[in-house]
1. Quick check on segment 97-104. Is at least one of its residues more than 10 Å from the ligand (Cβ to nearest atom), of a type in the set (A, V, I, L, M) and not in a loop (DSSP other than H, G, I, E, B)?
2. Taking into account only those residues within segment 61-95 that are of a type in the set (V, I, T) and assigned to a loop (DSSP other than H, G, I, E, B), which is nearest to G39 (Cα to Cα)?
3. For segment 38-95, name all the residues that are farther than 17 Å from A112 by Cα, in contact (Cβ under 8 Å) with a residue 12 or more places away in the chain and more than 10 Å from the ligand (Cβ to nearest atom).
Amino acid sequence: MLKKTFIHFAEVTRAVACVSALVFVSGLASVASANDEVGKQLFLKGATPACAICHTLDAAGAAGAVGPSLTELQPDAARVLNALKNGIGQMPAYTSLTPEQMQILSEYVAKASRE
Ligand code: HEC
């Protein structure tokens with residue numbers, strides 16, 4: 001599990017890797033909250049095109065207005081995952097993300113939309 005998580009760190013931005021590594025070293029946060037940070041960075045810039053361009057998500061400081069506000073929609077993880085896998089309307093499918101990245105991002109959006 002830890003090993004897999006570190007592979008994700010390599011795939012997202014360097015800044016995230018540093019923050020997440022610090023979190024691990026400090027031992028203060030669980031893997032779940034490290035995943036939250038990875039999910040947030042995927043939302044803001046890791047996924048291409050970035051979700052934040054089109055969606056508002058208050059918890060991530062995103063204010064896109066092309067798609068629905070996720071803070072208002074509060075989709076569950078399965079609904080986010082479906083949009084990522086298949087695309088919906090003007091939103092493209094995110095085939096460049098690994099299944100694990102899609103999972104982390106979906107869980108993050110579901111959780112962050114309720115914050
Ligand atoms: C190019 C703009 C664009 C980008 C980028 C984009 N979306 Fe969307 N998204 C939309 C639009 C438009 C809709 C509404 C589609 C419809 O209902 O016809 C939507 C719908 C959704 C929905 C609701 C799906 C449903 O079942 O109603 C979710 C969840 C979502 N997007 C998440 C994301 C996430 C996560 C990302 C980043 C990986 C992302 N979007 C990137 C435009 C975008």
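Bear in mind that the values in this text are calculations on the coordinates, not laboratory data. Quick caveat: nothing in here was measured; it's all calculated off a predicted structure. Because the Cβ atoms are built from the backbone with ideal geometry, glycine has one as well, and the counts that use them run over all protein chains shown.
1. yes
2. Once the filter is applied, the top-ranked residue is T95.
3. Result: K85, single match.
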